Amino acid sequence: MEAESIQSLLPLLEGADQWSELLLLLPLLVALEVVLSADNAIALAAISRGLHDRQRQALALNLGLALALVFRLLLIAAARWVLAYWPLQLAAAGYLLWLCAQHLWVLFGTPQQTPESAADPLSQPELAAVPSLASVVGTLAITDLAFSLDSVAAAVAVSDRLWLVMTGGVLGVLALRLTAGLFVRWLEEFQHLETAGFLAVGLVGVRLMLRLATPRLLPPEWLLLALVAALFVWGFSVRKPLDVNP
């Protein structure tokens, strides 16, 4: 989703010959990445929530996105090769679809809890099996890498200023850390937000898959953006009921 939006800035990037003009473009590039990576931020927030502890969640996000930043910089340096190596893009699309399918399976494929099972902490999967910090950090880094394949390759394709692309990548990861932290809190407040985010992740995976398989039948970018916006409107539409202790 980010690739086409970066492509739309091509005339502006080509006309920016002075350093001052390039520096003015950086906030625009970062803001664009933050807005269009909301689905990425939700996925990262949902993954970190598996730790069930605010301090460990924050630590996992810090470590995971630090590792993701290293992956992004390496990806930028090898972007020309990435553009020509379709199996990596196919793997990224498959991983995003798997994330979406896994969430939907947990949501709709697991049996409903009875009052007796809900009262037993060991019968609740999210409490019975807490992932390790290392596994969450690795999953966060891989997830961000899957989202980054398309956008980083496109950014390098439209600009030969490596320092600009790398600076944008660094600032983008920092902004993503802030938005992911916000979504950790919002996921606890809004009932449908997590599902909306993973459905948006699935849409990005479908689009990547279509781009590789049948690029001529690829839906327009505005349609994907409209669908993602509708999902987020739905995601923020219902607040979770407050726990009232008698």
From the options E188, E194, residue that is charged (D, E, K, R), closer than 21 Å to V233 by Cα and surrounded by fewer than 17 Cβ atoms within 10 Å (Cβ to Cβ): E188
From the options V156, V184, residue that is in a helix (DSSP H, G or I) and modelled with pLDDT under 80: V156
Scan of the stretch 99-115 for residues that are at pLDDT 55 or above and exposed (fewer than 10 other Cβ atoms within 10 Å of the Cβ), ordered by number: F108, G109, T110, P111
Cβ pairs under 7 Å, 6+ apart, first in the stretch 68-95 and surrounded by 18 or more Cβ atoms within 10 Å (Cβ to Cβ), second assigned to a helix (DSSP H, G or I) and aromatic (F, W, Y): none
Leading residue by the ranking (modelled with the lowest pLDDT) among those in the stretch 187-234 that are aromatic (F, W, Y) and more than 18 Å from A93 (Cβ to Cβ): W222
Test result for L217, exposed (fewer than 15 other Cβ atoms within 10 Å of the Cβ), in contact (Cβ under 8 Å) with a residue 60 or more places away in the chain and over 28 Å from L107 (Cβ atoms): no
Only one of L74, L59, L65 that is among the hydrophobic types (A, V, I, L, M, F, W, C), out of contact with any helix residue (DSSP H, G or I) (no Cβ under 6 Å at 6 or more places or on another chain) and at pLDDT 90 or above: L59
Some residue of the stretch 121-128 being within 23 Å of the chain's Cα centre (by Cα), modelled with pLDDT under 75 and assigned to a helix (DSSP H, G or I): yes
Within the stretch 177-218, tally of residues that are closer than 26 Å to W86 by Cα and of a type in the set (A, V, I, L, M, F, W, C): 14
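The values are calculated or read from the model by the stated rules, or taken from the named source; none is laboratory data. These numbers come from a predicted model, not from an experiment. Methodologically, a virtual Cβ is constructed for each residue, glycine included, from the backbone with ideal geometry; neighbour enumeration extends over all protein chains shown.
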